[in-house]
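*Asks:* Right, I'll just put the structure down here and ask away after.
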Amino acid sequence: MLLIAPLVLALFFVAIGYAWSQRQLLQALNRDQVLTENIGMVGELIQSLQSERGLSYGYLNRHQPPPPQLEQARAGASEVLQRLRKQPQTEMSDGLRHYLETSLPRPDQLERLRRDIDSRHISPDPAFARYSDMIEQLSGIITLFNAQSQDVQALILQWSAVNCQKEYTGRTRGLITGVLTVGSFSITNFRQVSGVVSQEELCRTQYRQYGGDDSLLRNAMERTRRFESARDAVLARGAGAMQSETPDEWFGAASQRVTALYQVQQVLLQQVRQRVEGQAHSARLHGYLVLLGLLLLLLPIALAVLIGRNIIHTLGAEPDEVAQGMRELSAGRLDFFLPLAAGDRDSLASHIRQMGTGCRG
């Protein structure tokens, strides 16, 4: 027993250490799951703000009442903001808490911008820039993700690249909506849209570099080819030329592309959820197996201790003391002393001592 005790003790501490590391991993994965859900909500908020930006840009370029879609986009953005702010923060990392405190648009900030737009106290380009700044700040949530595996980190980077493309597609939607509302391109508008188009292509390149499924993105773009044809037709007419596309037709075609890219993001995010959940399940399973191993390791020790105590109780003294008492009795030395527990009358040692006492009498 003494020989295997150090080995058992070493195995016990190794198992405890491994169980602790699995617990730390599980906590990190739980934080990743919370962060993944927040990325999903932030993506939803960005989607609403992009629509709100484009519709606001068109509204500020013409003297008509706000379109119904603008109120819908505002309501959607406000609802997601409320969900982000009211969620429990117990499982969040410190970084995510700080992000939610500092990077989400403040309600008064967003409402003030909306009031300025409704009352036309702000011109189109500054309003567009303020929305774009909000969206860029929101997109920084991706920097908080430090995945426990490379495949999950790659999926997050792919999500970010698609978000980048969707943002520049959204900017194209808003800029051209404003142009079509006015009826013709200025040279500044032309340069803005041309620059945004090149940024879209750069984001697509990043998606491929991060190992993204090219067929997933290509299918989304193939389903919404009207976006390219309408955009290229507007650009082909050049600065100063009158446009034939109506703002509503263009906004609908561009919105289909933005929605298709958002669906690609949802597919990627679902893959992240599945893999993080799979890793968490594996960590929990390993933890349970370690606990089972500890039980299997401690059970024989506990049984040995119980059996040993039972044997000592039956003998009434240590085995070597009982053996010595038997040797003294067999040798005729009846004055030996065998220590007994108080009140012991049934153990082997008690009977040996009684036998020695009876023989002396």
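*Asks:* Test of understanding: what is the full-extension gain from Arg223 to Ser21, defined as 0.36 nm times their sequence separation minus their Cα-Cα distance?
*Replies:* 68.0 nm
*Asks:* Find out how many positive minus negative residues lie around Ile122, taking Lys and Arg as positive, Asp and Glu as negative, among other residues whose Cβ is under 13 Å from that of Ile122.
*Replies:* Spelling it out: positives minus negatives among the neighbours equals +3.
*Asks:* Something else: For Thr90 and His121 in one chain, what is 0.36 nm times their gap in residues minus the Cα-Cα distance, to one decimal in nm?
*Replies:* 7.0 nm
*Asks:* Moving on. For Cα pairs less than 8 Å apart in space and 6+ apart in sequence, what is the mean separation divided by the residue count of the stretch 20-153, i.e. the relative contact order in percent?
*Replies:* About 36 percent, as a whole number.
*Asks:* Give me the Debye-computed log₁₀ of I(q)/I(0) at q = 0.11, 0.22 Å⁻¹ for the stretch 14-101, equal point scatterers on Cα only, no solvent, two decimals.
*Replies:* Ignoring solvent entirely, the Cα scatterers give -0.48, -1.00.
*Asks:* Another one. How are the C-alpha pair distances of the stretch 55-151 spread across 10 Å bins, as whole percents from the shortest bin up?
*Replies:* Once binned at 10 Å, the Cα pair distances of the stretch 55-151 give 13, 40, 27, 14, 5, 0.
*Asks:* Kindly state, to the nearest 0.05, the FRET efficiency for Leu202 paired with Glu249, given R0 = 22 Å and r defined as their beta-carbon distance.
*Replies:* E between Leu202 and Glu249, to the nearest 0.05, is 0.20.
*Asks:* Measuring from centroid to centroid over Cα atoms, what is the spacing of the stretch 9-64 and the stretch 201-239 in Å?
*Replies:* 27
*Asks:* Ignoring solvent entirely, what values of log10 I(q)/I(0) come out of the Debye formula for the stretch 114-227 at 0.13 Å⁻¹ when each Cα is a single scatterer?
*Replies:* -0.63
No lab work stands behind these numbers, since they all come straight from the coordinates. A quick note: this is a predicted structure, and the numbers were derived from the prediction, not measured. Methodologically, a virtual Cβ is constructed for each residue, glycine included, from the backbone with ideal geometry; neighbour enumeration extends over all protein chains shown.
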